[in-house]
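Worksheet: one structure, shown below.
Every read-out reported here was derived from the displayed coordinates using simple, explicitly stated rules and does not represent laboratory data. Only a predicted model underlies this, so the values are computations on that prediction, with no experimental measurement involved. Note: ideal-geometry Cβ built from the backbone for every residue, glycine included; neighbour counts use all protein chains shown.
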Amino acid sequence: MTETAPHFLHLRVLTRLPWHALHAGMLETWKKAKSGHDRRRNGLVNEMAQKVIIEQYKKILNQSGLFNSSWLAMDAKACAPYPAPGGINAKLMRYLEYGCRSIGCEDLLVGKVRLSSSERISTDVVIYATIEELFRHTESLKKDVLIATADLSAGMFISGMDYALIAGVEEFMKGVDSFGVDYPREDFEHYAGTHPTNSAKLFEVAREYAPRKRSWRTASEVPPDSSTGKQLQLMEDFIHGRIEGAAFARQWLNNRSQAIDQREMLTFAILHFLDELFYAIDDSYTIDPSLRDEDDMTDEQLRDVVRACLTKIRKL
């Protein structure tokens with residue numbers, strides 16, 4: 001047996017590993033490939049390591065332009081679709097960057113994808129790039145681009161049919177959107193319904209990645225026992241004098257924090273009006289009466305703001 005046999009054995013075994021055993025080994029292999037660790041004559045080990053990574057990278061996406069379900073199932077990855085009518089754009093790049101930063105991953109694989117009827121996609125070129133280098137490469141590729149983190153724990157696909165998919169492990173997706181995947185999934189349904197040309201494919205994507213829960217659109221849809229429901233009840237109580245200003249502000253802010261922690265989903269209209277009240281309390285109202293200045297909002301002024309916000313919400 002040659003000196004290089006143990007490392008080549010590791011590579012051959014790695015290609016046969018199921019997804020649930022792959023991330024840690026792939027990251028180790030990537031680091032060795034990038035650094036030239038254990039490089040032998042003609043760099044064969046480095047070349048073999050890169051080949052292993054690329055073969056597994058090609059399995060992330062299926063021939064329908066959707067993420068492979070077995071890859072998503074590994075470590076319970078979440079996925080969200082996004083509008084991409086012009087291909088890759090600065091907003092998508094920021095999402096990817098935030099996700100990569102959240103998992104401490106700087107290295108990416110970037111490939112031009114060709115979908116086919118075969119089991120595995122084809123790639124014309126695969127580039128190794130850092131986040132900083134990424135935009136320079138994707139400008140020329142623009143559409144039908146598959147980007148993956150070096151450990152294959154997250155990825156982004158930009159389709160030529162005007163949509164993008166971003167998926168990854170929990171920490172990665174928290175970096176992309178701290179409110180989770182259901183807001184972008186809802187938005188994508190609207191995008192699919194209004195798109196002029198590619199609606200059939202976009203509806204397929206929207207169905208595949210449908211929201212697991214939906215936003216409360218009106219006050220009547222908000223469950224009374226939810227944190228948002230408790231906010232609305234406190235507003236009603238304050239307007240009718242059943243609670244004084246300082247107690248209202250403390251309890252309302254506490255329920256607001258709980259609603260955010262619990263990722264309660266509201267339409268942007270309701271969020272906007274609740275945000276109006278939050279900024280009024282945060283910027284102009286001092287909860288402790290002994291610390292109020294002459295310019296601070298009074299309880300009566302706060303009550304007027306609460307009444308106006310609640311009236312707008314009830315009209316939705």
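Please tell me which of these pairs span more than 30 angstrom C-alpha to C-alpha: K91/K213; K112/K213; K58/K201; K51/K201; K213/K315; K77/K142? In this structure, K112/K213; K51/K201 exceed 30 Å between Cα atoms. Label separation (S64 vs R136): 3.8 nm, computed from points 7 Å beyond Cα along the C-beta direction.
At q = 0.13, 0.19, 0.22 Å⁻¹ the log10 of I(q)/I(0) for the range 150-268 amounts to -0.68, -1.03, -1.21, computed by Debye summation with a single uniform scatterer per C-alpha, solvent ignored.
Using +1 at the Cβ of each Lys and Arg and -1 at the Cβ of each Asp and Glu in the range 85-189, identify which of G180, G87, G104 lies farthest towards the dipole's positive end. Of the candidates, G87 comes out farthest on the positive side.
Pop the C-beta distance of K315 and A210 into the FRET formula with R0 = 25 Å and round what comes out to the nearest 0.05.
FRET efficiency, K315 to A210: 0.30.
In terms of the mean number of neighbouring beta-carbon atoms within 10 Å, the peptides 219-231, 152-164 order highest first as 152-164, 219-231.
Loop-located GluC sites (Glu not before Pro) across the range 66-170 with a Cβ neighbour count of 16 or fewer within 10 Å are E106, E119, with loop assigned by DSSP. If you plug the beta carbon distance of E55 and R217 into 1/(1 + (r/R0)^6) with R0 = 41 Å, you get a FRET efficiency near 0.35.
I'd like the FRET efficiency for E97 and F268, computed as 1/(1 + (r/R0)^6) with the beta carbon distance as r and R0 of 22 Å, rounded to 0.05. Efficiency computed from Cβ-Cβ geometry: 0.35. Under the convention that each Lys and Arg Cβ holds +1 and each Asp and Glu Cβ holds -1, the size of the dipole of the range 210-283 around its Cα centre is about 400 debye. Within straight-line reach of K143, meaning a Cα separation under 12 Å, sit the following aspartates and glutamates at least 8 residues removed in sequence or on another chain: D162.
Computed over the range 222-316, the P(r) tail beyond 23 angstrom holds 19 percent of alpha carbon pairs. Convex hull of alpha carbon positions in the range 194-251: directionally averaged projected area 6.4 nm².
With no solvent and one point per C-alpha, what does the Debye sum give as log10 I(q)/I(0) for the range 65-106 at q = 0.24, 0.27, 0.29, 0.31 Å⁻¹? Results for the range 65-106 at q = 0.24, 0.27, 0.29, 0.31 Å⁻¹ read -1.03, -1.07, -1.07, -1.06.
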